[in-house]
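Data first, discussion second: the structure below is written as structure tokens.
Every number in this text was worked out from the coordinates using simple rules, so none of it is lab data. Note that the structure is predicted; figures quoted are calculated from it, not measured. Every residue, glycine among them, receives a Cβ derived from its backbone with ideal geometry; neighbour counts consider all protein chains shown.
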Amino acid sequence: MAEKKYIGRKFGAIHRSRELAVQFLYSMDVCPAQDFGEALELFLGLDDVAQDDKPEVKARCREMVSRVHERKDEIDGALLRIVTGWSLERMTSVDRTILRLMVLEGFILKTLPVKSAISEAINLALDFGTDNSPGFVNGVMHSAAKYFEGESGNA
């Protein structure tokens, strides 16, 4: 696999935080009986997962996954309104995980411009998903953009 090139260290660190967040949230999705806090500390302390990551990357990952965890019901409710005809269980776990993270960042918290959220979601789907994941995630993120644009227009 070719090494990825990033535009600057800051953006590479943020992307790496999201990669870690997807990995952790995926593990929680497939094994939800774990204690969230204990599992997160164990995950970030594992030498084979995050050994070379800087403390600020781990701190950002911790913040992102905590926000997704705290607002999971809100995010899932939004996804169910966006993706009509689909249940969350029908989505692959990795797609669901990526969508939860990027819908939160791009549309609920608005900490990321919409185009950047869509692009980042697709990149994460390329890295972690199935062959069908990038197209599916792209479609859902575009639907989310329309949904949230309509919601803000009604306010």
Compactness summary of the stretch 9-153: radius of gyration and Dmax from Cα atoms, Å, are 14.6, 47
For THR130 and LEU80, extending 7 Å from Cα along the Cα-Cβ vector and measuring point to point gives, in nm, a value of 2.3
Summed over the other residues with a beta carbon less than 11 angstrom from that of PHE128, with K and R at +1 and D and E at -1, the charge totals -2
In Å, the Kirkwood estimate of hydrodynamic radius for the stretch 17-78 over Cα pairs equals 11.9
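With only Lys, Arg, Asp and Glu charged, each at its Cβ (+1 for the first two, -1 for the last two), find how big the charge dipole of the stretch 9-153 is about the Cα centre; round to the nearest 20 debye. Each step should come with its number before you reach the end.
Values: 18 positive and 23 negative charges, 119 e Å.
Using Cβ point charges on Lys, Arg, Asp and Glu, the stretch 9-153 gives about 580 debye.
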Membrane-span-like helices (DSSP H runs, Cα span along own axis at least 27 Å, mean Kyte-Doolittle at least -1.0) in the chain -> 9-30, 133-153
The simple spin-label model distance between THR92 and CYS31, using points 7 Å out along Cα→Cβ, in nm, is 2.1
Cβ density ranking, 10 Å radius, fewest first, applied to MET28, MET64, MET102 yields MET28, MET64, MET102
The simple spin-label model distance between SER143 and ASP73, using points 7 Å out along Cα→Cβ, in nm, is 2.4
Under 22 Å between C-alpha atoms, the lysine pairs in the chain lying 8 or more places apart or on different chains count 16
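Using a 10 Å cut-off around each Cβ, can you sort VAL49, VAL103 from fewest to most neighbouring Cβ atoms?
VAL49, VAL103
Going by C-beta contacts inside 10 Å, put HIS142, HIS15 in order with the fewest on the left.
Numbers: HIS142 13, HIS15 17.
Neighbour counts put them in this order, fewest first: HIS142, HIS15.
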